[in-house]
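**Q** Let me begin by handing over the structure; questions about it come next.
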Amino acid sequence: KVGGGLNLHNTPIKELPNDLQVGDYLNLDNTQISQLPHSLVKVEGYLDLADSKIEKLPDNLQVGDDLNLFNTQITLLPNNLKVKGDLDLRYSKIEKLPDNLQIGGSLNLYNTPITHLPDNLKVGGNLSLHTTPIKTLPNNLQVRGHLDLRNTPIKTLPNNLQVGGRIYINWIKFG
């Protein structure tokens with residue numbers, strides 16, 4: 001058990017203890033670690049897995065701040081994933097978002113293969129769909145911040161869309 005944060009950024013460590021618990025953040029950015037312990041279901045601070053070899057997240061994972069999955073090999077997010085801060089999926093291999101995903105901050109899907117979003121998705125900050133193959137927005141989409149639709153095939157906006165900030169489409173600013 002680590003009472004504070006654990007920063008293993010760019011270290012040669014390849015494995016984590018099965019019973020690992022962290023009281024604050026966990027930074028595994030640019031490590032050779034390929035698996036998180038199944039017992040790691042709550043990280044109080046941020047969880048940074050950018051450029052890591054991690055392929056799967058534990059079920060029911062809760063992250064108290066940001067979750068960074070930039071450029072990871074992860075293809076599927078676990079059910080009941082809760083992220084109080086931002087969820088950064090840029091350049092990841094994520095193909096689908098779970099129906100019950102909870103995001104308190106921004107969601108960045110830039111350059112991911114995701115083709116659709118779940119109905120009733122609520123994003124507490126900005127939502128970037130920039131350079132994704134998403135063709136339509138889901139029913140009841142709520143974005144408290146800005147919505148970035150640049151370089152997407154989206155041609156229409158749903159009637160029930162709620163955006164607290166600006167909408168960006170093809171480099172043009174609306175709002």
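**Q** Going by what's in this entry, would Thr152 be described as β-branched (Val, Ile, Thr), assigned to a loop (DSSP other than H, G, I, E, B), open to solvent by less than 70 Å² (accessible area, probe 1.4 Å) and more than 16 Å from Lys96 (Cα to Cα)?
**A** Yes.
**Q** Can you pull out every residue in region 15-31 that is assigned to a loop (DSSP other than H, G, I, E, B), of a type in the set (S, T, N, Q) and either at pLDDT below 95 or closer than 18 Å to Asp86 by Cα (or both)?
**A** Answer for region 15-31, where residues must be assigned to a loop (DSSP other than H, G, I, E, B), of a type in the set (S, T, N, Q) and either at pLDDT below 95 or closer than 18 Å to Asp86 by Cα (or both): Asn18, Gln21.
**Q** Quick one: how many residues across region 46-60 are open to solvent by less than 10 Å² (accessible area, probe 1.4 Å) and under 12 Å from the mean Cα position of the chain (by Cα)?
**A** 4
**Q** Of the residues Leu117, Leu109, Leu129, Leu81, only one is over 21 Å from Lys1 (Cα atoms), crowded, with 17+ Cβ neighbours inside 10 Å and touching a His at 6+ places or on another chain (Cβ under 9 Å); which?
**A** Selected residue: Leu109, the only one of Leu117, Leu109, Leu129, Leu81 that is over 21 Å from Lys1 (Cα atoms), crowded, with 17+ Cβ neighbours inside 10 Å and touching a His at 6+ places or on another chain (Cβ under 9 Å).
**Q** Which of the residues belonging to region 84-106 are assigned to a strand (DSSP E or B) and open to solvent by less than 10 Å² (accessible area, probe 1.4 Å)?
**A** Listed by number, the list holds a single entry, Leu87.
**Q** Write out, first by first residue and then by second, each pair whose Cβ atoms fall under 7 Å of each other, whose residues are 6+ apart or on separate chains, and whose first residue, in region 155-175, is assigned to a loop (DSSP other than H, G, I, E, B) while the second is among the polar types (S, T, N, Q) and modelled with pLDDT under 90.
**A** What qualifies is Pro158/Asn139; Asn160/Asn139.
**Q** Does region 11-27 include one or more residues that are on the phi > 0 side of the Ramachandran plot and open to solvent by 10 Å² or more (accessible area, probe 1.4 Å)?
**A** No, because not a single residue in region 11-27 is on the phi > 0 side of the Ramachandran plot and open to solvent by 10 Å² or more (accessible area, probe 1.4 Å).
The values are calculated or read from the model by the stated rules, or taken from the named source; none is laboratory data. Remember, predicted model here, so these are calculated numbers, not experimental data. Here the Cβ is made from the backbone with ideal geometry for all residues, glycine too, and neighbour counts use every protein chain on show. Areas reflect the complete protein model, heavy atoms only, side chains present, ligands, DNA and RNA absent. Shrake-Rupley method; radii C 1.70, N 1.55, O 1.52, S 1.80 Å.
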